[in-house]
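Only the coordinates and a few stated rules stand behind these numbers; no lab work does. Nothing here was measured: the structure is a model prediction, and the numbers come from that model. Cβ placement follows ideal geometry from the backbone for every residue including glycine, while neighbour counts extend to all protein chains displayed.
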Ligand code: ARG
């Protein structure tokens, strides 16, 4: 069976006639079809068509009756597609042609008027923008849900002190809450990036036609209002060839995936028997087919693993768009798959990650034991000496000697005697032993943004307000 060539005649029906004498070959029809991907745009396509229809009525191109008939038919098509009552056929290439074809079947005379003053180029652009805007709202809302869970978890762990790491080596004691909230900051930046991408996508491109604008009095501001766009594009050539909004969304998704992957990696390490800082709930782990003792953190590993796909989607879109001459080129049909796949990976990752976070059981004892190796207080000793007036470079060097002495004698720092300390530096006094205390160490940090309990409490207040405001802001986005 031959497929109808969109924009061309079809020997099997009279859907669209044109300059072509022959149908497109089966192999070319199959190769060029995008239905499998763009069928996800069905709802957006119909909303875009309805806005266009209203503008056509306003411009006197369709009568009120025609408008009502077409709108009714479009709404029926929407529900038929949703309920899988309408057969989508690859022979009509994409979702846009499938919907129009069905519309013309339902209302033959008036339906054929819908494509007046419109090209598939501006139609696809507006559909994709509506899709991206909606998926940004979904992603941003999941980010807020995750932030809420993180702040709650942090709140109940302010007093839990654990080793903080640099180079995956013991560095200085920190509050577990401080560690968790580092991710709050990352996800907040992701939220803002999503909103930036939203603004880029929030431009109505309908009315650009194929590339030059259209000959009818289409009220574009009115269309923008109907569809909830904040702006109207100002250059029709840019409008039909621009995919920056998709790239920006994909970039924001890649950053989320990257942040999730770092968090997952930490939890995987913390869940190992070597660390034992955290226990994952059975429901998020799997067993091994051969080693009965295993509980593998597969879900976390998969979230981490999906990052590769998300970042490569971003690259694939970059490479597709690179060097394309103005305006629309068929290459651009390849733009939706990477965005849709990235969205799905990140959205589902955020959802399940939040559930994992909710069920995490921290082993505070194990975290505390990590501090028993008290060389982690070496910086506190150097700072103690500096507070007594010694230049820091000097106190750093002396502390280095203290650590090396302790190491050589096979003793923890807290077991050296004051005499031993005094042999290395006269500045050491009896109060040096107060330093070997997790809370003292953490709460000696004075700066805003540091790990002292007081600071964490203050910043959590800010976060809670921020979450409330961001929720409200998101609800206002159409
Ligand atoms: N399926 C195409 C796409 O998604 C529709 C646009 C076709 N435009 C054209 N000039 N051939 O990009």
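Check whether at least one residue in the stretch 61-84 is within 21 Å of residue 24 (Cα to Cα) and touching a residue at least 12 places away in the same chain (Cβ under 8 Å), and report yes or no.
no
Considering 459, 403, 442, which residue is without any contact (Cβ under 8 Å) to a residue 60 or more places away in the chain, part of a helix (DSSP H, G or I) and either surrounded by fewer than 17 Cβ atoms within 10 Å (Cβ to Cβ) or under 47 Å from the mean Cα position of the chain (by Cα) (or both)?
Only one candidate qualifies: 403.
Any idea how many residues of the stretch 69-109 are more than 18 Å from residue 53 (Cβ to Cβ) and in contact with a helix residue (DSSP H, G or I) (Cβ under 6 Å, 6 or more places away or on another chain)?
Summing the residues that are more than 18 Å from residue 53 (Cβ to Cβ) and in contact with a helix residue (DSSP H, G or I) (Cβ under 6 Å, 6 or more places away or on another chain) in the stretch 69-109 gives 5.
Restricting to the stretch 306-323, name every residue that is touching a residue at least 12 places away in the same chain (Cβ under 8 Å) and over 25 Å from residue 265 (Cα atoms).
Answer for the stretch 306-323, where residues must be touching a residue at least 12 places away in the same chain (Cβ under 8 Å) and over 25 Å from residue 265 (Cα atoms): 316, 317, 318, 320, 321.
Considering only the stretch 369-388, how many residues are in contact with a strand residue (DSSP E or B) (Cβ under 7 Å, 6 or more places away or on another chain) and farther than 16 Å from residue 415 by Cα?
The qualifying residues number 2.
Residues being within 16 Å of the ligand (Cβ to nearest atom) and over 14 Å from residue 39 (Cβ atoms): count how many of those fall in the stretch 64-88.
Counting residues in the stretch 64-88 that are within 16 Å of the ligand (Cβ to nearest atom) and over 14 Å from residue 39 (Cβ atoms) gives 0.
Please find, within the stretch 100-146, the residue that is farthest from the chain's Cα centre (by Cα) out of those that are within 16 Å of the ligand (Cβ to nearest atom) and more than 21 Å from residue 232 (Cβ to Cβ).
Only one residue fits best here, namely 101.
Could you look through the stretch 324-339, keep only residues that are more than 8 Å from the ligand (Cβ to nearest atom), touching a residue at least 12 places away in the same chain (Cβ under 8 Å) and assigned to a helix (DSSP H, G or I), and pick out the one that is nearest to the chain's Cα centre (by Cα)?
Per the criteria, the residue is 339.
Give the stretch 31-47 a look and list any residue that's in contact (Cβ under 8 Å) with a residue 60 or more places away in the chain, in contact with a helix residue (DSSP H, G or I) (Cβ under 7 Å, 6 or more places away or on another chain) and assigned to a helix (DSSP H, G or I), or say none.
Matches in the stretch 31-47: 35, 37, 38, 40, 41, 44, 45, 47.
When you go through (1) under 22 Å from residue 169 (Cβ atoms); (2) over 49 Å from the mean Cα position of the chain (by Cα) one by one for residue 398, which number turns out not to apply?
Single failed check for residue 398: (2).
Among the residues of the stretch 89-98, how many are assigned to a helix (DSSP H, G or I) and within 12 Å of the ligand (Cβ to nearest atom)?
The total comes to 6.
Scan the helices (runs of 4 or more DSSP H) fully inside the stretch 210-275 and keep the ones with 1 or more residues being closer than 24 Å to residue 334 by Cα.
Once the helices (runs of 4 or more DSSP H) in the stretch 210-275 are filtered for at least 1 residues that are closer than 24 Å to residue 334 by Cα, what remains is 236-241, 244-270.
Has the stretch 340-362 got at least one residue that is within 13 Å of the ligand (Cβ to nearest atom) and surrounded by fewer than 21 Cβ atoms within 10 Å (Cβ to Cβ)?
yes
What number of residues in the stretch 285-313 are crowded, with 19+ Cβ neighbours inside 10 Å and more than 19 Å from the chain's Cα centre (by Cα)?
Number of matching residues: 1.
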